[in-house]
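The values are calculated or read from the model by the stated rules, or taken from the named source; none is laboratory data. A quick note: this is a predicted structure, and the numbers were derived from the prediction, not measured. Don't worry about glycine lacking a Cβ; one is built from the backbone with ideal geometry, like all the others, and counts go over all protein chains shown.
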Amino acid sequence: MGRLSAYPKVSVLPRVEALRLEATARDVGDERASALMAEAASLQSRAEQAGSFAGRIGHTVAPVFKPLGFDWQLTVGVLTSFLAREVFVSTMSVLTGGQADADVDEGVVARIRGMTRDDGTAVFTPSAAAATLVFFMLAMQCLPTLTVTRKETGGLRYAALQLAYMSGLAYVVALLVYQGLRAAGVS
């Protein structure tokens with residue numbers, strides 16, 4: 001995820017430049033200046049992640065996962081987690097402007113919980129969170145397991161079948177959960 005989310009470099013947004021200029025025009029130690037700089041950093045980080053290779057892949061694949069309530073960020077998290085489930089948290093941490101090797105502390109959890117879509121709505125609505133949990137519960141998200149399956153069976157056939165079956169089942173059940181909750185009025 002590291003290099004995919006770091007390149008290509010994105011130029012500084014005009015809004016970010018304006019916020020930085022406004023912050024530097026204020027007195028040192030001014031609380032509003034600190035808030036403006038934090039907002040500028042957040043906007044720039046979000047633009048960098050969206051414009052990176054990982055963000056572009058997420059935007060491209062997002063329509064496939066949209067029926068599950070996933071946006072491009074959640075799609076990137078799910079795709080990277082096929083390497084290993086535990087990669088999900090570090091990916092989401094990077095997408096929120098943190099670091100991949102950050103310990104899972106309250107700050108990381110709060111940033112992930114507060115993630116927003118491009119339109120400003122929450123990424124993890126109750127229905128999207130439930131669909132994500134169901135997807136993770138059922139999907140084959142462990143590259144080493146697939147490698148062992150391939151090695152033990154002497155070919156790629158059963159590993160591919162395992163990946164397709166488990167991921168397909170995960171998708172369908174997560175779709176039913178998300179759409180069912182939405183139909184029941186749970187956002």
Inset, instruction - Looking at (1) loosely packed, with under 13 Cβ neighbours inside 10 Å; (2) without any contact (Cβ under 8 Å) to a residue 60 or more places away in the chain, find the lone condition where Ala159 falls short. - result: (1)
Inset, instruction - Output yes when any residue across segment 135-145 is in contact with a Gly (Cβ under 6 Å, 6 or more places away or on another chain) and at pLDDT 90 or above, and no when none is. - result: no
Legend entry - Residue that is farther than 19 Å from Ala62 by Cα and part of a helix (DSSP H, G or I), where the choices are Leu133, Leu169, Leu175, Leu161: Leu161
Legend entry - helices (runs of 4 or more DSSP H) wholly inside segment 52-96 that include at least 3 residues being more than 20 Å from Val172 (Cβ to Cβ), in contact (Cβ under 8 Å) with a residue 40 or more places away in the chain and not β-branched (Val, Ile, Thr): 53-65, 87-95
Inset, instruction - Go through the residues of segment 118-125 one by one and say whether even a single one is part of a helix (DSSP H, G or I), among the aliphatic types (A, V, I, L, M) and at pLDDT below 95. - result: no
